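Have a look at the structure below before the remarks.
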Amino acid sequence: MLAVSNLIALLLQSLAARLGIAAGTDLARASRDHYSRPVAVALWLLAEIAIVACDLAEVIGSAVALELLFGIPMVWGALITGFDVLLILVLQHYGAGRIEAVVTALVLTIGACFAFELFLARPDWGQVASGFVPRIDAPSLYLAIGILRATVMPHNLYLHSALVSTRAIGATTEAKREALRYNRVDTLIALNIAFFVNAGILVLAAAFHSRGMAVSELAQAHELLAPLLGTGAASVAFAAALLAAGQSSTITGTLAGQVVMEGFLNMRLRPVWRRLITRALAIVPAVAVLATRGRDGVLPLLVFSQVALSLQLPFAVIPLVRFAGDRGILGELAAPAWMRRLAWAAAVFIVALNAWLVVQTPAGQAGWAAVMIAVSSGALLVWIGIAPLRRRTAKTQLISLDTALA
């Protein structure tokens, strides 16, 4: 499932890059331009929920890591994560390339930590290879949804389409085609690194399982790594990887919040305020839960964040597939027929998994409010998939260009 999710992420990130390079716009701005205002506002609210949900998980992860490494209480650790706003402001001053370099360094740090732990764990690689044999049942399907939503992040689609549109690309069709080719290589390398990191996490989790250890919390994994692998360095590496993961994800989540707000609402705020708002929406509920429930509140927050990400994903994927395959928006650089078919198959697969997740929720736990939200979300999903796209006139394009230059 991790391999399938990685392939889906590669396909969708390529479509996001195609939208940014060929049309010179990002997914949020395109949604505002080509859907009616009520639909665009609904998509904006869903995107904001997804960003806050993801950021919430990373704030919790960073807080746990700071406690494991330095003994800092989790409430204070969550508050400390707010200061990475200053890091983002400094990095953005030097351009998107510097931000990407820092995130890459953090991801490589995570990979190095888990590679060290896998070396100590000495897994049975034959058993690891058998994990690529397709097999599915009800319990593993729920886990598969979790892997998918942890691999294909909806806010990354908004961010990626915006980042590529900021690069210096020639105006000719051939220059854009060349940029698309380079982006495919870049995306392939980045996602393959992410795949091996995620695979390492799964294999390490299997090391616990194969030794009869049940692990349900991050702190518990940290405590059991030393006796499992025979060295305290494994626990330190785990906490360091957790902290690096939190920082890399909060950077991308905060930047995605900026892209989503500007794209959907055409709202321009001072950079520091944009970032503070995005971070506060995640830090405030995290601190509130940690202060009242402590470690007992960590798992419910993480589960909530993952469910929110999963349910929001189709609302980013379907508009992306429609825009990237529309010749009226991308011209001759629109996605070819084979890519559109694969993208729609991926979208249907994602929607089907989410529908299964909703159906499996016990009726007693859902309540009327949850049922109404599910029905209205389903109606919105159908509408954004079939509604005619608005076409921008030359006057509208000039107004948008003037706004961007301003």
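Derivation of every value follows stated rules applied to the coordinates shown; laboratory data play no part. From a predicted model like this one, the values you see are computed outputs, not experimental measurements. Counting neighbours? That spans all protein chains shown, and the Cβs are built from the backbone with ideal geometry, glycine included.
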Going highest first, how would you order 29-39, 193-203 by mean Cβ packing within 10 Å? 29-39, 193-203
For the range 321-327, take each phi angle, set θ = phi - 60°, evaluate the Karplus expression 6.51 cos²θ - 1.76 cosθ + 1.60, and give the result in whole Hz per residue in order, putting x for glycine and proline. 4, 5, 5, 5, x, 9, 5
Within the range 1-29, name every residue whose backbone N is under 20 Å away from a label modeled 7 Å from Cα of ASP137 along the Cβ vector. 1-2
For the peptides 118-130, 11-23, what is the packing order when you average, over each peptide's residues, the other Cβ atoms within 10 Å and list the highest mean first? 11-23, 118-130
If r is the Cβ-Cβ distance from ARG390 to GLU332 and R0 is 30 Å, what FRET efficiency results, to the nearest 0.05? 0.90
5 Å is the cut-off here: which amide hydrogens, built 1.01 Å from N in the peptide plane, fall below it relative to ALA335, excluding neighbours closer than 5 in sequence? GLY325, ASP326
Mind checking the full-extension length gain between TRP125 and ALA205? Use 0.36 nm per residue of separation minus the Cα-Cα distance, one decimal, nm. 27.4 nm
